[in-house]
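Before any comments, here is the structure.
The values are calculated or read from the model by the stated rules, or taken from the named source; none is laboratory data. Predicted, not measured: the structure shown is a model, and the values here were computed from it. Glycine gets a Cβ as well: all are built from the backbone with ideal geometry, and neighbour counts include every protein chain shown.
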Amino acid sequence: MPNQGSLRDFIEQIISENPGIHFREIQRKSGAAVGQVEYHIYQLEKMEKISIRKDGKLKRYFLLNNTGFNERKTIYFLRNKVARDIIFYLLENENAELSVFLSGRKSKQANVRQVISDMIDQGVLHSESKSSSSYLFLADPDNTKLILKKFRESFLDSLSSNIMSLLE
């Protein structure tokens, strides 16, 4: 763990390398006590160096000078398992009928519908109706690929689990 004087810089570096990271991950990677991490995150937010976005019960942290607004939106959804699975599917297939994502229990379907609705509202996905079906498209697949390449180490766990699910 770095000394106290450089802990804030170290936390800032962790957020820079892992945009959309949540608090416990920052705490785990820094090795600092919870109170220390809270203090430095508060200071970084006060200095307007980071932005915070709620994701259910989690808060996700982004370094403001490291990512643009559209990048942060895409990264935010890449950190959510349901949204990430949809994004990866659409990267592989260009588009998909909405029904492809709606299987399982009604509560799961409701969650998927909410995530898709949020992604459309944020401009990450587009929906198009053809005949009696709705089709989903990534708004900017090339930018999504660039984000995944730029922050690939941050997404390695997600990518490897998706690769493993493809192999099964």
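Identify, please: which residue in segment 86-108 is surrounded by 17 or more Cβ atoms within 10 Å (Cβ to Cβ) and either of a type in the set (Val, Ile, Thr) or not assigned by TED's automatic domain parsing to the domain that holds Thr144 (or both) and is, among those, farthest from Ile147 (Cα to Cα)?
Among them, the one singled out is Ile86.
Can you tell me which residue is surrounded by the fewest Cβ atoms within 10 Å (Cβ to Cβ) among those in segment 68-85 that are basic (Lys, Arg) and more than 16 Å from His126 (Cα to Cα)?
Only one residue tops the list, namely Lys81.
Across segment 42-66, which residue is farthest from His22 (Cα to Cα) among those that are in contact with a Phe, Trp or Tyr (Cβ under 9 Å, 6 or more places away or on another chain) and touching a residue at least 40 places away in the same chain (Cβ under 8 Å)? Walk me through it before giving the result.
As a first pass, look at segment 42-66 and keep what is in contact with a Phe, Trp or Tyr (Cβ under 9 Å, 6 or more places away or on another chain): 44-45, 50-53, 55, 58-62.
Still in the running and touching a residue at least 40 places away in the same chain (Cβ under 8 Å): 60-62.
Details: Arg60: 5, Tyr61: 6, Phe62: 10 Å.
Of everything passing the filter in segment 42-66, Phe62 is farthest from His22 (Cα to Cα).
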